[in-house]
Structures are given as C-alpha cells and as structure tokens.
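Take a look at the structure set out below.
The values are calculated or read from the model by the stated rules, or taken from the named source; none is laboratory data. What you see is a predicted model; the values in this text were computed from it and never measured. Positions of Cβ are generated from backbone atoms using ideal geometry, with glycine treated the same way; all protein chains shown enter the neighbour counts.
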Amino acid sequence: MNPAVERKMLRHVLDRMDRPVQPVLSSRWFMPAVWILFVALAAAFYVVGELVAHWVAAFGFVILGTGYMHAYVKSAAARGWPVLVKYFNRERIEARLAELEP
C-alpha cells in the first residue's frame, strides 16, 4: 500500500477511535426516515420522468439509489463500529504511523 494512503487510513482509524458513534446514523429511526424520503423522491422522479427525457429520469433514479446506499452503508458502519473498535490496538497503530513518517 502507498505509505501516504496508509498514513491517511490509520489516522482516520485513530480519529474514529477518539469519536465513537455518530448518534444520528446509528439511531433506529434513521433508516426508516431515509426510506420515506427515498419513496417520496422516487415518486417525484416517476412523475417528472414523463415530462423530461428518459435519460434524465434514469440518471435521477441512479443518483437516488446511490444516495440511499450511501446512507445505508454509513448507518451500518456507525452501528458496527462499537463492535470492531475493541479489536484495534492503539499502540500498534501509533507505532506504525511513526514508522511511516518521512
């Protein structure tokens, strides 16, 4: 792995260890709220899709699906982080960062 990329990734892991869970992303109501927003936007794209070119409507649905998956992945990561953080060793990460410094 490129040392600059590895440094960036390890610093991000240390930052996440210092800041535990983002409460909004890990709450139970986040994904249902995103789902309601998704359905409303999909209905809007469906209505607008008949008025614009087909490729514009298709692009809108692709962006909508990408946004929904991004929210899902962020939510799953926020819920899974407390389980994973127990297995990270801060001293080893900091030692590796010291090795990678130029």
Item to check | region 42-58 - residue that is within 15 Å of Y68 (Cβ to Cβ) and at pLDDT 85 or above and, of those, surrounded by the fewest Cβ atoms within 10 Å (Cβ to Cβ) | outcome: A43
Checklist entry - Under 8 Å by Cβ, and 6 or more places apart or on different chains, what pairs join a residue from region 1-26 that is among the basic types (K, R) with one that is in a loop (DSSP other than H, G, I, E, B)? => result R7/E101
Checklist entry - From the residues in region 71-94 that are surrounded by 11 or more Cβ atoms within 10 Å (Cβ to Cβ) and basic (K, R), which one is nearest to R7 (Cα to Cα)? => result R90
Next on the checklist: Against the definition (over 19 Å from V85 (Cβ atoms), without any contact (Cβ under 8 Å) to a residue 24 or more places away in the chain and out of contact with any Pro (no Cβ under 9 Å at 6 or more places or on another chain)), how does P32 come out, yes or no?
Outcome noted: yes
